[in-house]
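K.L.:
Submitted below is the structure of interest, expressed as structure tokens.
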Amino acid sequence: MTSTGDSESAESFDVIVVGGGPAGSSAATFVAMQGHRVLLLEKEGFPRHQIGESLLPSTVHGICALLGVSDELHGAGFTKKRGGTFRWGSNSEPWSFDFALSEKFAGPTSYAYQVERMKFDKLLLDNARRKGVTVRERSAVRDVLEEDGRVCGVCYEDEDGVEREARSRFVIDASGNQSRLQGRVGGQRRYSEFFQNIALYGYFDGGKRSPEPNSGNITCVAFESGWFWYIPLTDTLTSVGAVVRKECADRIRGDRDRALAALIADCPLISDYLSEAERVTTGPYGEARIRKDYSYLHDAFWRPGMTLVGDSVGFIDPLFSSGVHLATFSALLAARSVNTVLRGDLDEEECFGEYEARYRKEYQTFHDFLVSFYDVTRDEQQYFSDARRVTRDPSPGAEAFVGLVGGGASDDTALTSESYRDRRKEDLHRQSRDVHWEGHRIQMQAAFGEPADEAPAVEDGLVVAKDGMHWARDPETAPV
């Protein structure tokens with residue numbers, strides 16, 4: 001909507017973030033840490049339910065370290081996830097992987113967490129407050145304000161039902177897959193022709209656990225209508241979801257409780273895991289829920305004064321737990337762009353073009369590997385070969401696969417194992433790499449306080465500045 005021009009009655013900030021999930025709280029924190037005035041508006045009150053409980057090492061040891069929330073995360077009592085277990089492909093027996101199989105994760109960072117999103121998201125939002133973000137919950141944004149073709153703020157309804165305006169130089173839409181604002185950047189969502197699945201999920205008490213050290217693993221099981229996830233959130237609470245192919249959508253119509261029970265009965269391994277369990281039927285986990293229309297990418301990432309992050313810009317598929325990784329990764333890229341423009345270093349088009357190019361590459365790598373992984377006629381060795389092909393990682397055996405599903409399959413990224421980090425610090429400045437994943441680059445920054453290298457991630461692109469929170473021109477390609 002057009003600004004009323006009554007700037008005296010509207011509060012003023014450098015940046016307004018819409019949405020308090022991992023993408024929104026991360027973007028707000030990264031900008032506030034640079035001394036900018038940030039307002040975050042969240043329509044719900046936290047804690048609140050959210051899907052997507054399985055994290056990757058690059059999020060735990062990279063993004064969360066950069067946010068300054070590691071101590072809180074490690075002390076929250078979340079289930080430690082050392083890898084994953086699959087009943088998938090032509091092998092009739094379940095097979096597992098450990099993050100420690102890859103030298104990129106070997107050592108103290110060879111794990112992630114299974115998290116209750118109600119607790120994890122609140123942890124990140126509380127951290128944003130501590131870092132100086134003005135956070136207002138139960139405040140629903142109705143629209144953006146525009147002036148001379150540029151977004152200049154938002155109008156919102158506060159927790160008392162009062163209509164208000166707030167002005168800013170940038171608006172970051174992190175309001176999720178049901179965003180009401182994403183169309184304001186122009187363009188439209190492009191839904192995947194391949195991933196047209198529907199998820200039906202619920203929570204169970206008393207489900208079985210795999211023997212140690214795999215008791216915290218996510219388990220993914222293919223069956224006739226699609227596949228199941230089985231996520232151990234606590235010693236007794238488990239998130240269980242059936243991801244059903246579009247042609248099997250009739251199976252989840254009608255009563256959701258009966259539909260979920262019928263799908264579980266069709267999957268012997270999951271049925272066995274839940275043989276002594278009961279579905280939670282009260283409280284925030286008491287409802288069987290459906291998630292559909294996931295697997296999309298918006299064809300515009302930004303316009304003057306506004307950008308999209310997290311599920312507002314895209315989502316692929318839950319199979320490799322990439323949702324929170326992509327959300328927080330996009331938040332970091334967008335925050336670098338906002339920070340750089342606010343500081344006056346580079347122009348808006350160049351900075352947000354860098355964000356878009358890097359995110360699209362990351363998204364495409366996940367997408368391409370997932371397409372190949374959904375072919376359940378092959379065995380794990382063929383999947384490992386696909387991981388090497390997609391990421392261009394020459395590592396033998398399962399290493400490329402583990403590096404990929406752990407959050408960083410590219411040689412241009414940073415590492416967490418001590419021996420690999422030491423070697424990579426020597427190698428990075430004399431090698432030119434093709435970037436596909438940025439998870440390890442983020443971890444290198446968290447470990448050493450600066451980006452992993454100065455090589456552009458995209459042709460003729462920008463590089464990460466020394467502080468890790470801005471873009472800079474590549475000195476080797478910058479005009480004299």
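The values are calculated or read from the model by the stated rules, or taken from the named source; none is laboratory data. All of these numbers come straight from a predicted model, not from anything done at the bench. Every residue, glycine as well, gets a Cβ built from its backbone with ideal geometry; the counts of neighbours run over all protein chains shown. In case anyone asks, the SASA skips ligands and DNA or RNA and just uses the protein heavy atoms, side chains included. Shrake-Rupley method; radii C 1.70, N 1.55, O 1.52, S 1.80 Å.
K.L.:
Does residue 84 count as open to solvent by 10 Å² or more (accessible area, probe 1.4 Å), out of contact with any Pro (no Cβ under 7 Å at 6 or more places or on another chain) and closer than 28 Å to residue 202 by Cα? Explain how you work it out, then say what you get.
P.N.:
On the way: open to solvent by 10 Å² or more (accessible area, probe 1.4 Å): no; out of contact with any Pro (no Cβ under 7 Å at 6 or more places or on another chain): yes; closer than 28 Å to residue 202 by Cα: yes.
In short, no.
K.L.:
Across the stretch 67-81, which residue is farthest from residue 214 (Cα to Cα) among those that are open to solvent by less than 60 Å² (accessible area, probe 1.4 Å) and part of a loop (DSSP other than H, G, I, E, B)?
P.N.:
If we take residues in the stretch 67-81 being open to solvent by less than 60 Å² (accessible area, probe 1.4 Å) and part of a loop (DSSP other than H, G, I, E, B), then 68 is farthest from residue 214 (Cα to Cα).
K.L.:
Just one of (1) open to solvent by 10 Å² or more (accessible area, probe 1.4 Å); (2) under 15 Å from residue 332 (Cα atoms) trips up residue 37, so point out which.
P.N.:
With respect to (1) open to solvent by 10 Å² or more (accessible area, probe 1.4 Å); (2) under 15 Å from residue 332 (Cα atoms), residue 37 is out only on (2).
K.L.:
Hey, another quick one. I'd like the full set of residues that are touching a Lys or Arg at 6+ places or on another chain (Cβ under 8 Å) and either surrounded by 24 or more Cβ atoms within 10 Å (Cβ to Cβ) or free of Cβ contacts under 8 Å to residues at least 24 places away in the same chain (or both), limited to the stretch 319-350.
P.N.:
333, the sole residue that qualifies.
K.L.:
Identify, by number, the condition in (1) part of a loop (DSSP other than H, G, I, E, B); (2) under 30 Å from residue 270 (Cβ atoms); (3) open to solvent by 30 Å² or more (accessible area, probe 1.4 Å); (4) of a type in the set (S, T, N, Q) that residue 96 doesn't meet.
P.N.:
Failing condition for residue 96: (1).
K.L.:
Continuing with the same structure: Look through the stretch 119-139, keep the residues that are of a type in the set (A, V, I, L, M) and either in a strand (DSSP E or B) or in contact with a Ser or Thr (Cβ under 8 Å, 6 or more places away or on another chain) (or both), and return whichever of them is farthest from residue 14 (Cα to Cα).
P.N.:
This residue is 124.
K.L.:
Among the strands (runs of 3 or more DSSP E) contained in the stretch 140-192, which hold 1 or more residues that are open to solvent by less than 30 Å² (accessible area, probe 1.4 Å)?
P.N.:
Where strands (runs of 3 or more DSSP E) fall fully within the stretch 140-192 and carry at least 1 residues being open to solvent by less than 30 Å² (accessible area, probe 1.4 Å), they are 140-147, 150-157, 163-173.
K.L.:
Turning to a different aspect of this structure: Condition (residue is under 28 Å from the mean Cα position of the chain (by Cα), surrounded by 15 or more Cβ atoms within 10 Å (Cβ to Cβ), over 28 Å from residue 30 (Cβ atoms) and touching a residue at least 60 places away in the same chain (Cβ under 8 Å)) applied to the stretch 246-264: is it met by at least one residue?
P.N.:
Checked the stretch 246-264: at least one residue is under 28 Å from the mean Cα position of the chain (by Cα), surrounded by 15 or more Cβ atoms within 10 Å (Cβ to Cβ), over 28 Å from residue 30 (Cβ atoms) and touching a residue at least 60 places away in the same chain (Cβ under 8 Å).
K.L.:
Continuing with this model, one more query. Considering only residues that are closer than 19 Å to residue 334 by Cβ and surrounded by fewer than 20 Cβ atoms within 10 Å (Cβ to Cβ), look in the stretch 449-464 and name the one that is modelled with the lowest pLDDT.
P.N.:
Within the stretch 449-464, the match that is modelled with the lowest pLDDT is 458.
K.L.:
Please enumerate the residues belonging to the stretch 281-314 that are open to solvent by 30 Å² or more (accessible area, probe 1.4 Å) and hydrophobic (A, V, I, L, M, F, W, C).
P.N.:
Within the stretch 281-314, 290, 302 qualify.
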